[in-house]
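Asks: Please find one structure pasted underneath; my questions will follow.
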Amino acid sequence: MFGMTAARFALTIRTFASKADKIGNLVKQNKVVVFMKGVPEAPKCGFSNAVVQIMRMHGVEYDAHDVLQDDDLRQGIKDFTNWPTIPQVFINGEFVGGCDIMLQMHQNGELIKELKKVGIVSSLLEKEKVSSTAASEESKK
Amino acid sequence: MYKFVTSRIQSYSRLYAFQRSMSSSSAEKPIEGAIRTKLQELNPSHLDILNESYMHNVPKGAETHFKVIVVSEKFNGQPLIKRHRMVNELLQTELQNGVHALSIVAKTPDQWKDSSNVVEPSPACRGGFGK
């Protein structure tokens, strides 16, 4: 009886460890990795959709994982980050936050800085550059 | 099984005791009341709890989707992710028992003073809830 319990316990630990390993690898597969409900083309949650729209505005290419397709992943990612909700965003393998945090980082310019650190130039920045060049040429005239 | 039943009874009696201690109107909103009580830990100078469940495919009066606006001195010098973790930790029980979505606005009193004090509602549901 004890042996069986111990074996089951060991198996639980092992499964847990391998799940964490798997997610640990997933989050490093790309500079930006998003765990969401649905896919970027069809998000199934308003919060996930907001993150997709933010990434689109910044022209970021990212890996997206649909947690609705995989219950293990849905729970696993929450255990991995100790964060209770989806979506979850990783930059350079590091957990950055969920929808509220992404929205705030988008609004206060921090997202542009964080993306820059990993070598991604936000397309909002490019647009700004174009418009400020245009503006300075305008003022030259 | 025994353990499960005992813990159920304990949580029901806790809930009942809690409801008795609240006025009749908040007794109808046990989760909202629990959130309000637990967030007092942060000694908030401003606290709003919005039940956004009506925006989702849930029964009327459900308590599944919330947005909290917390203004607290305790957020001073803490990055956003830490502030959110502080709120999430206090509401761990609720998040594991029926609260499906929690949107958080966590500001310091200075930030709150400087902000427009306008909080946007959460984005529209896109049907994934219930899976």
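Asks: Along the Cα→Cβ direction, 7 angstrom out, place labels at residue A:118 and residue B:38. What is the inter-label distance in nm?
Replies: So the label points at residue A:118 and residue B:38 sit 3.0 nm apart.
Asks: Would you list which aspartates and glutamates come within 18 Å of residue A:113, measuring only between C-alpha atoms, while excluding same-chain residues fewer than 8 positions from it?
Replies: Within the straight-line cut-off, residue A:113 pairs with A:61, A:94, A:100, A:126, A:128.
Asks: For the range B:27-114, give me the percentage of DSSP beta bridges that are antiparallel, rounded to the nearest 5 percent.
Replies: Beta bridges within the range B:27-114, antiparallel portion: roughly 45 percent.
Asks: Here's a follow-up. Extending each Cα 7 Å along its Cβ direction at residue A:20 and residue A:6, get the distance between those two points in nm, one decimal.
Replies: About 2.2 nm, to one decimal.
Asks: Let me ask you something else. Return the subset of A:44/A:78; A:116/B:113; B:82/B:113 for which the Cα-Cα distance in this structure is over 27 Å, preserving the input order.
Replies: Violating the 27 Å Cα-Cα cut-off are A:116/B:113.
Asks: Okay, next question. Mind giving me the nanometre distance, one decimal, between the label points for residue B:76 and residue A:72, set 7 Å out from Cα along Cα→Cβ?
Replies: Those two pseudo-labels are separated by 4.8 nm.
Asks: Another question, if that's okay. For a label point 7 angstrom out from the Cα of residue A:110 toward its Cβ, which stretches of the range B:65-79 have the backbone nitrogen within less than 15 Å?
Replies: Under 15 Å, as judged by backbone N against the label point of residue A:110, lie B:75-79 of the range B:65-79.
Asks: Which of the three applies to the range B:66-131, rounded, prolate or oblate, going by the alpha-carbon gyration tensor with a ≥ b ≥ c and a/c under 1.5 meaning rounded?
Replies: Details: a/c = 2.97, a/b = 1.50, b/c = 1.99.
It comes out oblate by the Cα gyration axes.
Asks: Tally Lys/Arg at +1 and Asp/Glu at -1 over every other residue whose Cβ is under 9 Å from the Cβ of residue A:45; what's the total?
Replies: Local charge sum for residue A:45: +3.
Asks: Excluding residue B:103 itself, calculate the net charge of residues whose Cβ lies under 10 Å from the Cβ of residue B:103, where each Lys or Arg counts +1 and each Asp or Glu counts -1.
Replies: Cβ neighbours under 10 Å give a net charge of -2.
Asks: Turning to a different aspect of this structure: For residue B:52, enumerate residues with amide H under 5 Å from its amide H, sequence gap 5+ or separate chain, H modeled in the peptide plane.
Replies: The answer is B:65, B:66, B:67.
Asks: Lys and Arg at +1, Asp and Glu at -1: add these up for the other residues within a Cβ distance under 14 Å of residue B:42 and post the number.
Replies: +3
Asks: Using a probe radius of 1.4 Å on protein heavy atoms only, what is the accessible area buried between chains A and B, both sides summed, to the nearest 100 Å²?
Replies: Chains A and B together bury approximately 1800 Å².
Asks: Using protein chains only and a probe of 1.4 angstrom, how many square angstrom of residue A:8 are accessible, to the nearest 10?
Replies: 150 Å²
The values are calculated or read from the model by the stated rules, or taken from the named source; none is laboratory data. What you are looking at is a predicted structure, and each value in this text was computed from that prediction instead of being measured. In this analysis, Cβ positions are derived from the backbone assuming ideal geometry, glycine residues included, and neighbour counts consider all displayed protein chains. We work out accessible area using only protein heavy atoms, side chains counted, and drop any ligands, DNA or RNA first. Shrake-Rupley method; radii C 1.70, N 1.55, O 1.52, S 1.80 Å.
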